[in-house]
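S.K.: Got a structure here, written out as structure tokens. Questions coming.
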Amino acid sequence: MANEKKRALVTGITGQDGSYLAEFLLDKNYEVFALIRRSSTVNFERIQHIQERIHLLSGDLLDQNSLMSALKTARPHEVYNLGAQSFVPASWEQPLLTGEITALGVTRLLEAIRATDSRARFYQASTSELFGKVRESPQSESTPFYPRSPYGVSKLYAHWITVNYRESYDMFCCAGILFNHESPRRGLEFVSRKISHGVARIKLGFAKELKLGNLDSRRDWGFAGDYVKAMWLMLQQDSPEDLVIATGEDRTIREFCELAFGYVGLDWRQCVTIDKDLFRPAEVEVLRGDASRAERVLGWKPEISFVELVHLMVDRDLDLVGGQSGG
Ligand code: NAP
Ligand code: F7E
């Protein structure tokens with residue numbers, strides 16, 4: 001039908017990327033369906049403003065039947081699998097659960113697509129954590145993988161099962177190998193948001209120090225709002241292809257601190273203390289992506305710079321923490 005709206009099913013809608021992707025798809029006039037897993041308290045903070053415009057479907061990547069039902073209801077043209085246990089340290093604490101959700105969950109979803117309508121296009125949220133102990137720098141689509149955590153290993157399985165369904169069943173499946181991307185909606189446990197929130201709390205007098213782990217590791221940080229556009233673009237191509245999405249610049253955690261604290265006139269060295277318990281059993285020391293192929297194929301480029309991103313995050317956390325204090 002000429003006027004039929006495109007339908008998308010998104011997993012992980014309550015997370016950082018899910019909320020930005022849903023906004024993006026609504027702007028493109030999609031009918032958006034989203035998988036929500038049951039929790040005892042509502043966790044819709046990131047999607048409150050669009051909640052009325054999306055169809056929420058109860059389901060879980062651990063539960064095959066719920067995935068089948070969601071697909072039968074949504075009849076999506078596009079499926080974006082953003083759901084995962086995504087916090088690297090938690091993957092050492094719960095390696096089996098991480099594998100069930102982040103690795104096998106993808107096979108469950110792919111099987112459900114195959115059983116309902118295998119023409120649906122599928123996006124898998126792959127990650128720079130696949131490169132782990134990096135074999136070369138910068139990392140591109142041809143760099144060998146060497147994951148360094150149960151999370152990374154789970155994502156490796158997820159990546160390859162996506163490739164395998166594409167090659168075995170001729171399905172339109174692709175994986176975006178996304179480097180770290182952040183925003184004011186980032187979970188508080190990830191280092192970027194922990195720092196921006198910590199800066200706000202210290203600046204406004206609610207805390208005196210911020211405890212961090214390894215300040216020497218380097219990350220290639222971009223803005224989540226830019227990265228969801230790349231996900232969508234990947235599903236609009238004539239044929240499916242896995243692509244690296246990154247800024248091409250890497251900084252240490254120390255540099256992030258320097259910039260974030262300096263922005264509000266604080267000296268990070270007087271505020272940050274090192275907590276050895278926050279070091280990881282195995283670290284990914286340095287990540288820097290080469291997204292030149294995505295730029296050629298998709299015409300994609302990041303729009304928000306590192307400095308703009310850090311300032312944006314600190315500004316939002318100053319508002320948030322200030323507002324919570326009634327200020
Ligand atoms: P996030 O904020 O941690 O969100 C994860 C989402 O997954 C949440 O909506 C969560 O739901 C959902 N989820 C967890 N377990 C589930 C289950 N059993 N069934 C269904 N849904 C489940 O992650 P994000 O930063 O938005 O990242 C989105 C995806 O991209 C993830 O797959 C992540 O691994 C991957 N990735 C992220 C980055 C990055 O830098 N952000 C980079 C590369 C790849 P609840 O709210 O109910 O917990
Ligand atoms: O750590 C160091 C830590 O937890 C970044 C996920 O979205 O991106 C994310 O994974 C670095 C590490 O992100 C603290 O040791 C120091 O070297 O913010 P993070 P991550 O592990 O890079 C990838 C691409 C994903 O796919 C993941 O899903 O920061 N670090 N001190 C710290 N990290 C945390 N969390 N907390 C600290 O106090």
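S.K.: At 1.4 Å probe size, with no ligands or nucleic acids counted, give the accessible surface of Ile50 in Å², nearest ten.
M.R.: In the full protein context, Ile50 sits at about 10 Å².
S.K.: Looking only at Cys257, Cys174, Cys271, which one moves most when the chain is put into a Gaussian network model with springs between Cα atoms under 10 Å?
M.R.: Taking springs between Cα atoms under 10 Å, the residue moving most is Cys271.
S.K.: Might you tell me the accessible area per residue for the chain, computed with a 1.4 Å probe and given in Å²?
M.R.: Computed with neighbouring chains in place, this is 46 Å² per residue.
S.K.: Next question, about the same structure. How high is the relative contact order of segment 184-327, in percent, with contacts defined as C-alpha pairs under 8 Å that are six or more residues apart?
M.R.: Relative contact order comes out at 39 percent.
S.K.: Another question, if that's okay. Put Lys203, Lys194 in order of accessible area, largest first, 1.4 Å probe: what do you get?
M.R.: Lys203, Lys194
S.K.: Lys6: accessible area at probe 1.4 Å, nearest 10 Å²?
M.R.: Roughly 80 Å² of Lys6 is accessible to a 1.4 Å probe.
S.K.: Measure nothing but the geometry: give the 0 to 90° angle between the long axis through the Cα atoms of 306-324 and the longest principal axis through the Cα atoms of the chain, rounded to 10°.
M.R.: Once rounded, the angle reads 80 degrees.
S.K.: A follow-up question, please. For segment 65-188, calculate the relative contact order in percent as a whole number, restricting contacts to Cα pairs under 8 Å that are 6 or more residues apart.
M.R.: Computed value for segment 65-188: 30 percent relative contact order.
S.K.: Here is a follow-up. Give me the dipole magnitude in Debye, nearest 20, for the chain about the Cα centre, with unit charges on the beta carbon: positive for Lys and Arg, negative for Asp and Glu.
M.R.: So the dipole magnitude of the chain works out to roughly 440 debye.
S.K.: Considering only Cα-Cα distances, which of the following residue pairs are longer than 31 Å: Lys194/Lys229; Lys28/Lys155; Lys194/Lys301; Lys72/Lys194?
M.R.: Violating the 31 Å limit, Cα to Cα: Lys72/Lys194.
S.K.: Report the far tail of the P(r) of segment 181-322, meaning the percent of Cα-Cα pairs longer than 24 Å.
M.R.: 36
S.K.: List the aspartates and glutamates whose Cα lies under 18 Å from the Cα of Lys133, skipping any in the same chain that are fewer than 8 positions away.
M.R.: List returned: Glu141, Asp216, Asp220, Glu249, Asp250, Glu283, Glu285, Asp290.
S.K.: On to the next question. What is the set of long-range amide H partners of Ile36 at a cut-off below 5 Å, with H atoms built 1.01 Å from backbone N?
M.R.: Residues meeting the criterion, in which the H sits 1.01 Å from N, are Leu57, Ser58, Gly59.
S.K.: Put +1 on the Cβ of every Lys and Arg and -1 on every Asp and Glu Cβ in the chain; which of Ala90, Phe306, Gln64 then has its Cα farthest towards the positive end of the dipole?
M.R.: Final value for the positive-end residue is Gln64.
S.K.: Moving on to the next point. On the protein heavy atoms, probe 1.4 angstrom, tell me the percent of accessible surface of the chain carried by carbon and sulfur.
M.R.: Taking all protein chains in place, the chain shows 47 percent carbon and sulfur surface.
S.K.: Compare Glu111, Glu167, Glu308 by solvent-accessible area with a 1.4 Å probe and give them largest first, with all protein chains kept in place.
M.R.: The ranking, largest first, comes out as Glu167, Glu308, Glu111.
S.K.: Can you give the % of DSSP beta bridges in the chain that are antiparallel, to the nearest 5?
M.R.: Looking only at bridges with both residues in the chain, the antiparallel portion is about 5 percent.
S.K.: Place +1 on the Cβ of every Lys and Arg and -1 on the Cβ of every Asp and Glu in the chain, take the dipole about the Cα centre, and give the residue among Ile177, Ala125, Gln324 whose Cα lies farthest towards its positive end.
M.R.: Looking along the dipole axis, the top candidate is Gln324.
S.K.: Where does the Debye-calculated log10 I(q)/I(0) of the chain sit at q = 0.09, 0.16 Å⁻¹, using only Cα point scatterers of equal weight, no solvent?
M.R.: The computed values of log10 I(q)/I(0) come out as -0.46, -1.46.
S.K.: Pop out the ³J(HN,Hα) list for segment 234-250 in order, Karplus 6.51 cos²θ - 1.76 cosθ + 1.60 with θ = phi - 60°, rounded to Hz; leave Gly and Pro as x.
M.R.: Ordered by residue, 3J(HN,Hα) equals 4, 7, 9, 6, 5, 9, x, 8, 8, 9, 7, 10, 7, 9, x, 10, 10 Hz.
S.K.: Gap in Å between the Cα centre of segment 228-269 and the Cα centre of segment 291-322?
M.R.: 6
The values are calculated or read from the model by the stated rules, or taken from the named source; none is laboratory data. Note that this is a predicted model, so its numbers are computed, not measured. Note that each Cβ is placed from the backbone with ideal geometry, even for glycine, and that neighbours are counted across all protein chains shown. These accessible areas exclude ligands, DNA and RNA; they are computed on the full protein's heavy atoms, side chains included. Shrake-Rupley method; radii C 1.70, N 1.55, O 1.52, S 1.80 Å.
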